[in-house]
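These notes are about the structure you will find just below.
Derivation of every value follows stated rules applied to the coordinates shown; laboratory data play no part. Remember, predicted model here, so these are calculated numbers, not experimental data. Here Cβ is always computed from backbone atoms with ideal geometry, including for glycine, and neighbour counts include all displayed protein chains.
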Amino acid sequence: MTPDKVAASKEQSRLDDPVATVAAPRLPDPGDAAPSIASSGALGPEELLRILPHRPPFLFVDRIEAHEPGRRAVGLKCVAANEQFFAGHFPGRPIMPGVLVLEALAQVGAVAILTLPEFAGRLALFGGVDGVRFRRPVVPGDVLRLEVEIVRRRGPLGVGRGVATVNGVRAAEAELKFAVAVQ
């Protein structure tokens, strides 16, 4: 088989895979300068990718609707049927894993912290999770609204209170502890 035929065969296999994702255009590098953000406005995908180091398939925020640097952020995750984790969780009854709902909350909380000028270009890490409650399953077709309020911060350490809802119904909640580190 010629190299061209091998590449075409691999591409067709990827297209036939119901879990495969379409290749995205070049995404901003996490090392790119984070935008200077001092408002409570929305953030589009490119701005989000400059702030967060996460990349698909481990980016669980589609957009930020509102934020106040250092105080709070509100994001959305449109849960698609072709998300990679649904292939194994659970076949025949897809449910977004609870730990990924927590990760989505943490990513929104990271936007709230990393938009502060002193933390631009840094990395927000989990320090712990307390008071986790899962209230309803998150399934394909749901739009997950993720709200995180920073309730305590001392230097690079802090705590955020996160709530995930679907159509106004609470899906999960948790207290997220974080530490900001140099990348």
Practice task
With a cut-off of 15 Å, note down the residues of the stretch 104-128 whose backbone N falls inside the zone around a label point 7 Å from the Cα of Arg55 toward its beta carbon.
Solution key: none
Practice task
With label points built 7 Å along Cα→Cβ from the Cα atoms of Val139 and Asn82, find their separation and express it in nm.
Solution key: 2.1 nm
Problem - Largest-first ellipsoid semi-axes for the stretch 27-181, taking √(5λ) over the Cα gyration tensor eigenvalues, angstrom - result: 25, 17, 13
Practice task
Read phi for every residue in the stretch 106-117 and hand back ³J(HN,Hα) as whole Hz from Karplus 6.51 cos²θ - 1.76 cosθ + 1.60, θ = phi - 60°, with x for Gly and Pro.
Solution key: 4, 5, 5, x, 4, 4, 4, 7, 6, 8, 6, x
Handout entry: For peptides 57-68, 122-133, sequence by mean Cβ density within 10 Å, most packed first
Key = 57-68, 122-133
